[in-house]
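Data first, discussion second: the structure below is written as structure tokens.
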């Protein structure tokens, strides 16, 4: 489903060049629950951003479901993100003035769906993630774990090809983090959605069905469970 071939990315910090990725090759299959693990500065978030069409490669190409996304222009990448990809961030990235329902429904409104379908799909996914009855609460009235559940619902409501999760447990205590991982694993198995994590959390690594380790922009191991 995803083929990454010869991907390189270098950033400039003043007069210094930081080689974030040094010729990465990777294949990810549909429905995988894969963690890309490594310390801070290893290149894992950079790789997620490239798969997610947030950043651009210096060399190499990334193909998703037969679409070479690295060749898309800026407008096409924006459309691809909106229609095909879901994102979960460590800081939740919810809109504070919107309710849980509104944060999730916004993803579907951007796709131009009719209000009836938006309501049905939003209420269904909120129930699936355990937030039934909390749809009218704004983020400030939700716990960290509940906010991350809203983020999971927002990512999944549009039935994306891939969900990209960047350190999704970083701001959660271990018990809540495990609850969120169990939820995402359940969603992965139920919907067949491909989940790709960047993490240095050992618990996330243990939940992964495949663990790819990265250090200084190069893969050091690839382990299937």
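Using the structure shown, decide if residue 12 is in contact (Cβ under 8 Å) with a residue 40 or more places away in the chain, in a strand (DSSP E or B) and either surrounded by fewer than 14 Cβ atoms within 10 Å (Cβ to Cβ) or touching a strand residue (DSSP E or B) at 6+ places or on another chain (Cβ under 9 Å) (or both). Considered against the rule, which asks whether it is in contact (Cβ under 8 Å) with a residue 40 or more places away in the chain, in a strand (DSSP E or B) and either surrounded by fewer than 14 Cβ atoms within 10 Å (Cβ to Cβ) or touching a strand residue (DSSP E or B) at 6+ places or on another chain (Cβ under 9 Å) (or both), residue 12 comes out as no.
If you go through region 112-142 and pick out every residue that is more than 26 Å from residue 182 (Cα to Cα), touching a helix residue (DSSP H, G or I) at 6+ places or on another chain (Cβ under 9 Å) and either in contact (Cβ under 8 Å) with a residue 24 or more places away in the chain or outside any helix (DSSP H, G or I) (or both), you end up with 1.
Filter region 175-198 down to the residues that are more than 14 Å from the chain's Cα centre (by Cα) and either part of a helix (DSSP H, G or I) or on the phi < 0 side of the Ramachandran plot (or both) and list them by number.
Listed by number, the residues that qualify are 175, 176, 177, 178, 179, 182, 183, 186, 189, 190, 191.
Could you check, for region 65-82, whether at least one of its residues is within 19 Å of residue 152 (Cβ to Cβ) and either under 20 Å from the mean Cα position of the chain (by Cα) or at pLDDT 95 or above (or both)? Checked against the condition, which is being within 19 Å of residue 152 (Cβ to Cβ) and either under 20 Å from the mean Cα position of the chain (by Cα) or at pLDDT 95 or above (or both), region 65-82 yields at least one hit. Taking each residue of region 80-98 that is on the phi < 0 side of the Ramachandran plot and touching a residue at least 60 places away in the same chain (Cβ under 8 Å) and looking for partners that are surrounded by 15 or more Cβ atoms within 10 Å (Cβ to Cβ) and in a strand (DSSP E or B) with beta-carbon atoms closer than 6 Å, six or more apart or interchain, yields 85/162; 86/163; 87/164; 88/165; 89/166. Among the residues of region 153-168, those that are part of a loop (DSSP other than H, G, I, E, B), under 12 Å from the mean Cα position of the chain (by Cα) and surrounded by fewer than 23 Cβ atoms within 10 Å (Cβ to Cβ) comprise 160, 161, 167.
May I ask you to list the residues in region 83-99 that are more than 26 Å from residue 29 (Cα to Cα), within 19 Å of the chain's Cα centre (by Cα), buried (at least 19 other Cβ atoms within 10 Å of the Cβ) and modelled with pLDDT of 95 or more?
The answer is 94, and nothing else.
The values are calculated or read from the model by the stated rules, or taken from the named source; none is laboratory data. Only a predicted model underlies this, so the values are computations on that prediction, with no experimental measurement involved. FYI the Cβ positions are ideal-geometry reconstructions off the backbone, even for glycines, and counts take in every protein chain you see.
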